[in-house]
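Notes follow the structure.
The values are calculated or read from the model by the stated rules, or taken from the named source; none is laboratory data. Note that this is a predicted model, so its numbers are computed, not measured. Virtual Cβ from ideal backbone geometry, glycine too; neighbours counted across all protein chains shown. Accessible surface is based on the protein model in full, side chains and every heavy atom, while ligands, DNA and RNA are left aside. Shrake-Rupley method; radii C 1.70, N 1.55, O 1.52, S 1.80 Å.
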Amino acid sequence: MPPPVSEYPCVFVVGMHRSGTSATAGTLDALGVATPSGKDRVGRRKWNARGYFESERMMTFNDRLLACLGGTWAAPPLLMPGWERDHALDSLRPRAGQFFAETFPARPMAWKDPRNCITLPFWRTIVSPPMAAVFVYRDPLEVARSLHARNGAGVTYSLALWDRHVRCAATNLVGLPTLVADYARVLDHPSSWIGELVDFLRSIGIEIDAPTRQAAIASLDADLRHQHAPVDRSSGVWDLQ
């Protein structure tokens, strides 16, 4: 028997920019997990023709939060453990709760924003449990190439930015039920991947029927992946990465 609506989780879709978080959020949307809608939903753009499945309002708020912390998504602030409970952020909390409730009026729901790699500890003090996450991982050189194509960013800078986001996300997700998604596998083996995702959703109380699952498989396309890592991996990637 499915849990009461109030016990359905908020599913955070977390991952570095250009890592496939949009495709993952789109899959959750196709499976019936609510994502932002209406005018608040970020529309299709040149660099994401199928849409971002992202809230304009929540994205703007995350940018404001990062600015208050002394950074941006492209220059993440260096934060100390426990920063999310700093009283300097208290003035932001009521509006954060209001915006979240208005953006996601019903559960189960999925919130995708790469900025949450950095800001997730703050939101874990705002969002009511239960919570879970899908952590999307993509080869760092593919991300670097994608950032260069979109923003003109250099490889060294892009790899450093990838490193900061992925390390922060891995730390900030501790304690949450989390499914790790390899973006290459998501697109290369959509049926298997969605099977894993459906199993994960079931484990956190969200049941998906077979027809819906088949429709979600059809929503994924390997052509979404425009950048591929080179065979020669000497372009600045550390063994640790």
- Message: Only one of ARG57, ARG64 is more than 17 Å from GLY20 (Cα to Cα) and either modelled with pLDDT under 90 or touching an Asp or Glu at 6+ places or on another chain (Cβ under 6 Å) (or both). Can you tell me which?
- Response: ARG57
- Note on the structure: Log entry, pairs with first residue in the stretch 72-91 being within 26 Å of ALA160 (Cβ to Cβ), second being charged (D, E, K, R) and open to solvent by less than 50 Å² (accessible area, probe 1.4 Å), beta carbons closer than 7 Å, six or more apart or on different chains, reads TRP73/ARG115
- Note on the structure: Subset of the stretch 98-108, residues open to solvent by less than 30 Å² (accessible area, probe 1.4 Å) and out of contact with any Leu (no Cβ under 9 Å at 6 or more places or on another chain), comes to PHE100, THR103, PHE104
- Task: Note down all Cβ pairs under 8 Å where the first residue falls in the stretch 150-178 and is over 17 Å from THR119 (Cβ atoms), the second is open to solvent by 70 Å² or more (accessible area, probe 1.4 Å) and at pLDDT 90 or above, and they're at least six residues apart or on different chains.
- Result: PRO177/SER203
- Give me the pairs: first residue in the stretch 5-30 and of a type in the set (Val, Ile, Thr), second residue open to solvent by less than 10 Å² (accessible area, probe 1.4 Å) and part of a helix (DSSP H, G or I), beta-carbon distance under 6 Å, and six or more apart or on different chains, which are they? VAL13/THR21; VAL13/THR24; VAL13/ALA25; VAL14/ASN116; VAL14/CYS117; VAL14/ALA169; THR27/ALA216
- Item | Hits in the stretch 59-116 (condition: of a type in the set (S, T, N, Q) and in a strand (DSSP E or B)) | THR72
- Of the residues in the stretch 218-241, those that are surrounded by fewer than 16 Cβ atoms within 10 Å (Cβ to Cβ) and either in a helix (DSSP H, G or I) or at pLDDT 95 or above (or both) number 3
- Query: In this structure, does THR119 turn out to be among the polar types (S, T, N, Q), open to solvent by 20 Å² or more (accessible area, probe 1.4 Å) and either in contact (Cβ under 8 Å) with a residue 40 or more places away in the chain or outside any loop (DSSP other than H, G, I, E, B) (or both)?
  - Reply: no
- Message: Looking only at the stretch 128-141, count every residue that is open to solvent by 10 Å² or more (accessible area, probe 1.4 Å) and more than 25 Å from SER158 (Cβ to Cβ) and tell me the total.
- Response: 4
